[in-house]
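*Asks:* Okay, here's the structure, questions in a sec.
Derivation of every value follows stated rules applied to the coordinates shown; laboratory data play no part. Not measured: the values here are computed from a predicted model. As a convention, Cβ positions derive from the backbone with ideal geometry for all residues, glycine included, and neighbour counts pool all protein chains shown.
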Amino acid sequence: MHLTEEQALALAPDESSKKAGKDLSAQSKWVSKGMNDQALWGECQGSGSKPYQTQIDITSIAFKCSCPSRKFPCKHGLGLLLLHAKQPGIFTDNEPPAWVAEWIGKRQVRDEKKAEKKDQPVDEAAQQKRQQARDQSVEDGMEELLLWMKDIIRNGILNIPGKEETFFTSMTKRMVDAKAPGLAGMVKALSNTNFYKEGWQSIFTDQLVRIYMVISGFKHKSGLPNLLEDDIRSAIGFTTNQDTLKEQQGITDTWLVLSKQTTEEDNLTTERNWLYGTQTNSYALVLQFSVRGQGITFSLTAGMAIEAELIFYPSIAPLRAIIKRQVTTNPVYSINGMSDWKQVSEAEAAINSVLPFGLERPYIMQQVNLVQHNKQWWLTDKEQRLVQLKDNYKNIYILLSVSGGQPLDMAVLGKENIYEPLGVWVNGGYMEL
Amino acid sequence: MQFWNNIIEHAMLGTGKKPLSTNDVEEAMVSVFETISADVTADNEDKFFHLASVAFNYRQTGSLPQHIKDVQEFPAPAELLSYCSTAAANNLKDILDTGSNGLLGFWLQQCFTKQQLVPPALIPILLNKAVQQKNLRHLVTACCGNCGIWLSQFNKDWNFSTTLSNEELWQTGNPEQRKQVLKQLRLSDAAKAMEWLQQTWPQENANTRADLLKVLSVGISDDDMAWLETIKTDKSQKVKEEALALLKQLPSSAIVQQYWQVLHQAINLKKEKTMLGLSSKMVLHIQLPEVVNEEIFKTGIDKLSNNKNFTDEELTIYQLIASVPPSLWQTHFNASPKNILQYFQKEEAHKKFITAFATATVQFKDNVWGEVIAQSEEVFYAAIITLLPKPQQELYCNKFCKQNEAAIIDYATKRTDEWGAELALNITRYAADNPYQYNRQFFNQHSHLLPASIIPQLQNYQPKEEYYRTTWTNTSEYIEKLLALKQQTQQAFS
């Protein structure tokens, strides 16, 4: 396991956990500590008489602690990980105590049980009936949504900024009722348009058109390639069974975590992990969800390189994936970024020609520089081709400071001609921005 | 992208008002447009969405980066100093996490002393800190190196790190910057500072004139007297008052001499016979002359007493003693400061004037008198502390610590060097008994002044009030953490 202090800290669920974890990263706080190929463990003296037993499965970065905290990972898990990052040499005991061996054993048994469960037969007729009912519900919802959109475009979007919030929320709720959560999200994105921003009309129309393409695609799905139909179903909100997905053969690679973007809404935390396959030169988006700190399966942090098998969701331009199996963390990797923006636009054109309603994608670019031109910020390549920096990019000063106005290899996320930097390579290492 | 603008224009007005035509789309899309328009089963809105979808994908698929040859790159100038170690950088991040500005200042000072720089990724964080913490600005600017100066051109809030000369700042800076420049120059070249001030004086407004005058108390000397006398007649009352306050700090100014004229007639030593004329002793005679120059009462000396312990005459004398250099008494009585204080201590009625000597000692920054008062008096005078030599300052504070803690903390927190262990423990004990007043925020601000050697003794002290104990335990643990960070800073730059 090769995690730096910063990468370990990035696993913290909140700022207070970070601080508490740092406090516990002193050797004196740990009564015992050890490590072998599978686990990292230690006993931390808390306020009680018995020390807390903290253990980390280092093959898939999973935590367990006997403390009562609901946070995940807890401060003890973070403290232990930080201590290891600071002083790996002091973890000399490699014979796991019973409580560690028991937990690791249970995790293995659970994996086996999961595999057995998959073999149980399913009632295909009932499943098909449920599927048909859902399709019907979605189609009914879509008709209403299309009617709503037609009303908007018939009257013109000029008056949209003045509409009541309920104008959008009632349609969002209707889509949820129609069992089309993807469309509900797309309507919500429509309502989230920044109407104070210059050019909102184009952004709003773009989103209307995307929704139209999804609805239209679903209506005419019989004539579409199967994979594009999967994309349409996924955009509407039909889920793909992850267990079925995991039965497939995945892509094993050393995946570099380019960025972990976390958003929180209604107690649901969504983690968007952007990964780059260093050998396959492919990109993946791994989503993880948690409610009150519970539910994250893999602890990923930007800059971490993991040896893992990923399975992509069926798509005509695969991006979203799940981690089937994480073998270990691996710091050795090389990157093979694109040399200029022309290559990026060619890649984008190829994807858009088969998946017209897709969203932003990550790319790694060699030697990109941040420059000012006509009072705007641009990202320029060595051929002096420019794309625009995303508006209000929050890390602009850190990027300027780290680069010092010199070109750097950079991971970016975006589409068309607008991109935001995710991270850069400086002094031989990757740094998330 | 005119075709897309046309589509947006139609979207804004609505398909009910303005349907799309072939003129609105690019030539490559005309045939698609005609096919879509010919669909008799679709309504106008369907046709609009259908065509907009095609146009949308035409736009995004054909999107190309701009090719501009004359875009200027503007790299930051190379650094002349080396970066601090990784350990020091990590220590800085930990300090930033605590929000302790005291420790941050300490870290920056160490970095500056060692002629090192902060890593680039931390520069924006420090520049933002310095926006709020003006006292850290010069250190932040120094420790952020050329990159910091280069970076500050992109954010107007960080203009402070742009290195303008003192003269430019004096001419074009904001009032606070100008005051700082004047103060700095006053310390290094008092005459030049005076020259600059006189040059711009007619253009300044009354408030600025009064503010800038205050700065002249730094390095004030007789050389300033002639000019200060001329501005005593300024139109602004504020300016007049400031000028008078400055003149009162000059022993040879007319106003101080005027006071002394009254005083040296009012207070005299007279020989009195005792033991039936067999021996004699020196006795103080205190009485205002019959005719007192009424002008003195127009310069801030109160004529009437509102204190029952002072008569009107005593109050006048008290104020005058506080307004003349104490050294004048040495010549007047031909006696040492210690003996002079003893004359006043002999009689109960005269003791009340001793505090006036302490005030005068502070006003005229008389170190000799300061030491004498500190040694011979059993009364604590907070303002005297800074007149004492460094080692004696702490001895004086520790001697009078009980009952005077707040004043001593006020003095101690203004210091920039580390406190001695005894003073630090006296202060932390007082803080333990007042944990809400001297809380984490207080220690965040001042923990860099505490010596790390007190860590083992922090937990030993328990507040007198039992209900404060948990709060103090938490605070003392926090102080330990801050002191551990301070130790790490010292190690990282050792």
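*Asks:* Given R₀ = 45 Å, what would the calculated FRET efficiency be for A:E124 paired with A:E346, taking r from the Cβ atoms and rounding to 0.05?
*Replies:* Working from the Cβ atoms, E equals 0.55.
*Asks:* In addition: Quick one: compute the contact order of the stretch B:1-92, relative version, from alpha carbon pairs under 8 angstrom and 6+ residues apart, as a percent.
*Replies:* Averaging sequence separation for qualifying contacts and normalising by length gives 26 percent for the stretch B:1-92.
*Asks:* Using a cut-off of 15 Å between beta-carbons, work out the net charge of the residues near B:P202 (Lys and Arg +1, Asp and Glu -1, B:P202 not included).
*Replies:* Here the count lands on -1.
*Asks:* For a 18 Å ceiling on Cα separation, which of these pairs sit above it: A:K150/B:K18; A:K18/B:K481; B:K134/B:K214? List each step's numbers first, then the result.
*Replies:* On the way: A:K150/B:K18 14 Å; A:K18/B:K481 15 Å; B:K134/B:K214 20 Å.
Cα-Cα > 18 Å for B:K134/B:K214; rest within.
*Asks:* Describe numerically, in nm with one decimal, the distance between label points set 7 Å from Cα along Cα→Cβ at A:R325 and at A:Q132.
*Replies:* Roughly 3.9 nm, to one decimal.
*Asks:* Helix B:354-363 against the longest principal axis of chain B: what's the angle in degrees, Cα atoms only, rounded to the nearest 10?
*Replies:* It works out to around 40 degrees.
*Asks:* When the helices in chain B are scored as -39500 (n - 2.57) per DSSP H run of 4 or longer and the sum is shared across all residues, what 222 nm value do you end up with, to the nearest 500 deg cm²/dmol?
*Replies:* -17000 deg cm²/dmol
*Asks:* If you average the C-alpha positions of the stretch A:353-417 and of the stretch B:28-47 separately, how far apart do those two centres end up, in angstrom?
*Replies:* Spelled out, the Cα-based centre of one part sits 37 Å from the other.
*Asks:* With θ taken as phi - 60° and the coefficients 6.51, -1.76 and 1.60, list the Karplus ³J(HN,Hα) couplings across the stretch A:211-220 in order, rounded to whole Hz; mark glycine and proline as x.
*Replies:* Computed from phi, the couplings for the stretch A:211-220 are 4, 4, 5, 5, 4, 4, x, 5, 5, 10 Hz.
*Asks:* If you find the alpha carbon centre of the stretch A:190-249 and of the stretch A:1-43, how far apart are they in angstrom?
*Replies:* Each part's Cα centre sits 41 Å from the other's.
*Asks:* Would you order B:Y259, A:Y393 from fewest to most other beta-carbon atoms within 10 Å of each residue's own beta-carbon?
*Replies:* A:Y393, B:Y259
*Asks:* Sticking with this one: Each residue of the stretch A:383-395 in order: what ³J(HN,Hα) in whole Hz does its phi give by Karplus 6.51 cos²θ - 1.76 cosθ + 1.60, θ = phi - 60°, with x for Gly and Pro?
*Replies:* Residue by residue, the stretch A:383-395 yields 8, 6, 9, 10, 10, 7, 6, 3, 4, 6, 4, 6, 9 Hz.
*Asks:* Right, another one. Hey, with R₀ at 45 Å, roughly what FRET efficiency would A:N241 and B:T470 work out to, going by the Cβ-Cβ distance, to 0.05? Write out the running numbers ahead of the final one.
*Replies:* Values: r = 53 Å, r/R0 = 1.18.
FRET efficiency, A:N241 to B:T470: 0.25.
*Asks:* Using the Karplus equation 6.51 cos²θ - 1.76 cosθ + 1.60 (θ = phi - 60°), what ³J(HN,Hα) coupling, rounded to whole Hz, does each residue of the stretch A:79-90 give in order, writing x for Gly and Pro?
*Replies:* Once rounded to whole Hz, the list reads x, 5, 5, 5, 4, 5, 5, 7, 10, x, x, 8.
*Asks:* Another question, if that's okay. Let me check against my output: what whole-number percent is the relative contact order of chain B, with C-alpha pairs under 8 Å and at least 6 apart?
*Replies:* 11
*Asks:* Continuing with this model, one more query. Run the helix sum for chain A: -39,500 (n - 2.57) per DSSP H stretch of 4+ residues, divided by residue count, reported at 222 nm to the nearest 500 deg cm²/dmol.
*Replies:* On the way: 12 runs with 160 residues, N = 433.
-12000 deg cm²/dmol, from helical runs alone.
*Asks:* When B:M1, B:M225 are ordered from fewest to most other Cβ atoms inside 10 Å of their Cβ, what list results?
*Replies:* So the ranking, lowest neighbour count to highest, is B:M1, B:M225.
*Asks:* Then there is this: According to a simple spin-label model (label point 7 Å from Cα along Cα-to-Cβ), what is the distance in nm between B:E295 and B:S165?
*Replies:* Reported label-point gap for B:S165 and B:E295 is 4.4 nm.
*Asks:* OK, next. Got a sec? How would B:E9, A:E43, B:E272, A:E360 order by Cβ neighbour count within 10 Å, fewest to most?
*Replies:* B:E272, B:E9, A:E360, A:E43
*Asks:* Let me ask another. What are the residues whose amide H is under 5 Å from the amide H of A:V327, where those residues sit 5 or more places off or on another chain and H is modelled from the backbone?
*Replies:* A:E307, A:A308, A:E309
*Asks:* Right, another one. A:L40: net charge of surrounding residues, Cβ under 12 Å, Lys/Arg +1, Asp/Glu -1, itself excluded? Mind dumping the intermediate values first?
*Replies:* Details: positive: A:K33, A:K64; negative: A:D37, A:D57, A:D93.
The answer is -1.
*Asks:* Please give me the summed charge of the neighbours of A:G217: other residues whose Cβ is under 9 Å from its Cβ, Lys and Arg +1, Asp and Glu -1.
*Replies:* Net of charged neighbours comes to 0.
*Asks:* Still on this model: Tell me the Kirkwood hydrodynamic radius of the stretch B:295-389 in angstroms, computed as one over the mean inverse distance between distinct C-alpha pairs.
*Replies:* 13.8
*Asks:* Considering only C-alpha atoms, what is the centroid distance from the stretch B:291-370 to the stretch B:7-26, in Å?
*Replies:* 92
*Asks:* Provide the FRET efficiency to the nearest 0.05 for the B:N205-B:V131 pair, computing r from the beta carbons and using R0 = 25 Å. Don't jump to the answer; show the numbers that get you there.
*Replies:* Values: r = 27 Å, r/R0 = 1.08.
Here the calculated transfer efficiency is 0.40.
*Asks:* Using amide H atoms built in the peptide plane, which far-off residues or other-chain residues are under 5 Å from B:I68 H to H?
*Replies:* Here the answer is A:L386, since their amide H atoms fall under 5 Å of that of B:I68.
*Asks:* While we're looking at this one, here's another question. Scan around A:R320 for amide H atoms under 5 Å from its own, H built in the peptide plane at 1.01 Å from N, and keep only partners 5 or more places away or cross-chain.
*Replies:* Result for A:R320 returns A:L285, A:Y313.
*Asks:* Out of the trypsin sites (Lys or Arg not before Pro) in the stretch B:284-335, which ones are loop residues according to DSSP with at most 15 other C-beta atoms within 10 Å?
*Replies:* Passing both the DSSP loop test and the Cβ count: B:K303, B:K308.
*Asks:* Continuing with this model, one more query. Pairs of alpha-carbon atoms within less than 8 angstrom and 6+ residues apart define the contacts here; what relative contact order does the stretch A:125-270 have, in percent?
*Replies:* Relative CO of the stretch A:125-270 lands at 19 percent.
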